[in-house]
1. Can you give the angle from 0 to 90° between the axis of helix 178-187 and the longest principal axis of the chain, with both taken from C-alpha atoms, to the nearest 10?
2. Ignoring everything except DSSP H segments at least 4 long, calculate the 222 nm mean residue ellipticity for the chain; use -39,500 (n - 2.57) per segment, divide by total residues, nearest 500.
3. Which one, (i) 59, 44, 33; (ii) 63, 44, 37; (iii) 48, 45, 41, gives Cα extents along the principal axes in Å as derived from the coordinates shown?
4. Note down the relative contact order for the chain as a percent, whole number, built from C-alpha pairs under 8 angstrom at least six residues apart.
5. Would you mind pulling out the separation of the Cα centroids of the range 167-187 and the range 244-281, in Å?
6. Under the rule a/c < 1.5 gives rounded, and otherwise a/b versus b/c splits prolate from oblate, where does the range 91-205 land using the Cα gyration tensor?
7. Can you tell me the orientation of helix 272-282 relative to the chain, as the angle in degrees between its alpha-carbon axis and the longest Cα principal axis, to the nearest 10?
8. For helix 15-28, report the angle its Cα long axis makes with the longest principal axis of the Cα atoms of the chain; keep it between 0 and 90° and round to the nearest 10°.
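Values quoted throughout were computed directly from the atomic coordinates according to the rules given, and no laboratory measurement underlies them. Everything numeric here is computed off the predicted structure, so don't read it as measured data. FYI the Cβ positions are ideal-geometry reconstructions off the backbone, even for glycines, and counts take in every protein chain you see.
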């Protein structure tokens with residue numbers, strides 16, 4: 001691999017946002033042209049996305065700039081996976097076309113990847129912004145007091161679950177070692193429609209080497225602008241996709257007790273029963289197909305956790 005980092009942007013029908021993101025990247029990448037390659041994967045957009053890509057290919061002619069246009073819309077997760085599988089650098093950073101990124105982010109990433117070649121995962125701290133109310137929901141997602149390299153990622157993650165450290169679901173906040181994330185893709189190939197697969201990829205990569213979480217906030221996650229703003233999609237993702245990922249974590253090395261606690265915490269985190277009943281009323285088929293397996297998983301893991309504690313009490 002000749003480059004250190006692939007900066008990949010999967011996009012669909014958001015030419016104006018892509019233009020702004022590439023304008024930011026054109027400034028951020030100055031001085032790092034030999035370290036990076038750019039990859040854009042257009043998911044068969046019907047707007048002027050291709051014109052924007054060609055514009056920036058011409059402007060950034062001194063950088064390896066790869067462009068792909070799918071012949072049809074293959075879905076968001078498949079498009080992200082295409083970016084990860086196509087990357088040829090040692091690391092890959094897949095960013096959203098609409099995610100605000102601070103100017104010093106790329107220099108921070110490059111510096112860390114060069115100083116710590118053993119890293120398999122670098123996680124950027126991020127804030128949460130509500131696009132509907134125009135308010136910051138959370139100043140920082142991870143309560144990191146001191147930046148450290150963690151060689152025992154499993155212990156670190158399992159110990160910090162109460163602090164909300166287990167937040168691998170935001171694509172732009174994660175920089176993967178390329179060969180490691182490609183292994184993660186192969187590890188669970190039959191889940192292409194699971195919109196929370198990035199949690200699995202991050203959790204898998206964390207166990208394959210050293211990890212680091214940044215103290216400073218570098219990225220902003222904007223709520224209300226993606227597919228999760230649709231309540232029906234959110235319900236399916238939160239109560240089916242995410243829980244399915246949690247159940248898979250023990251297969252890659254996380255402790256059964258940790259996975260059980262994740263699922264139980266998921267159930268007790270908010271007014272779950274009221275949400276499930278409301279979903280069943282609004283969309284009965286999806287509601288029942290989601291709620292019944294979900295409650296079974298919660299009850300099964302609660303029983304298993306109780307049984308384990310009795311055995312060791």
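1. 40 degrees
2. -13500 deg cm²/dmol, from helical runs alone.
3. (ii)
4. Dividing the mean separation by the residue count of the chain yields 18 percent.
5. Rounded to whole Å, the Cα centres lie 21 Å apart.
6. rounded
7. It is inclined by approximately 70 degrees.
8. Between the helix axis and the principal axis of the chain, the angle is about 70 degrees.
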